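Down below is the structure, laid out as structure tokens.
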Amino acid sequence: MSKALKTEKTATADIILDSKDLSILNLLQQNARMTVKEIADTIHLSTTPVHERIKRMEANGVIKQYATLVDHTKVKKSLIAICYVSLKEHNKTAGTKFVKAIQQMPDVVECYTISGEFDFMLKVMCEDMNAYHDFHVNKLSQIENMGHVQSIFVMGVIKQTHQLVYT
């Protein structure tokens, strides 16, 4: 059997993924609608152990959720902006308020805490520049403790993937 891979330490315990687990993850990342039987046939296991492995990875948080990837241009989200945000005050309360406000904004599809000149990086998706202007002026800038915001507009997508495991 191939060498097992130890993943990042979690709050509960170390999770060990072997080559079959990684193969399952690779297949599910490519097509989350794949049946247990199709996965089992592909990786040469019976359906019961494949089902048990998937359930174990779900229970341990390796598999966080199943999602549908949508073409943003076909759902009126053609404008992508990257916003670098700095806060005026840097304390736990201020940071928590900002995070809670951002989590309530559907136009913000990703938010990262970052190092450097700015505190956060947001990926914002809107219909067009008018919608972004409304978001910036009436939502983002209204968050308590907002400092500086720098917006960068995406002109084209070269690579976009959610795949983390390759076999």
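General observations
- Extending 7 Å from Cα along the Cβ direction at residue 35 and again at residue 48 yields two label points whose distance is 1.9 nm.
- Cβ-Cβ FRET estimate between residue 151 and residue 65, R0 fixed at 41 Å, reported to 0.05: 0.90
- From least to most packed, judged by other beta carbons within 10 angstrom and beginning with the fewest, 118, 153 follow the order 153, 118.
- Here the extension length gained between residue 55 and residue 167 equals 38.3 nm, from 0.36 nm per residue of separation less the Cα-Cα distance.
- Here is what passes the span test in the chain: the DSSP H helices with alpha carbon length of 15 Å or more along the helix axis and a Kyte-Doolittle mean of -1.0 or above are 19-30, 92-103.
- In the chain, taking the dipole from charged Cβ atoms about the Cα centre, the farthest positive-side position among 93, 165, 125 is held by 165.
- With 30 Å as the limit, the listed pairs 92/123; 55/76; 74/123; 74/139; 55/123 have 55/76; 55/123 beyond it between alpha carbons.
- Where labels lie 7 Å past Cα in the beta-carbon direction, separation of residue 114 and residue 16 in nm: 3.9 nm
Any read-out appearing in this document is the output of simple, stated calculations on the displayed coordinates, not a laboratory observation. It should be emphasised that the depicted structure is a prediction, and the values quoted were computed from it without experimental measurement. Methodologically, a virtual Cβ is constructed for each residue, glycine included, from the backbone with ideal geometry; neighbour enumeration extends over all protein chains shown.
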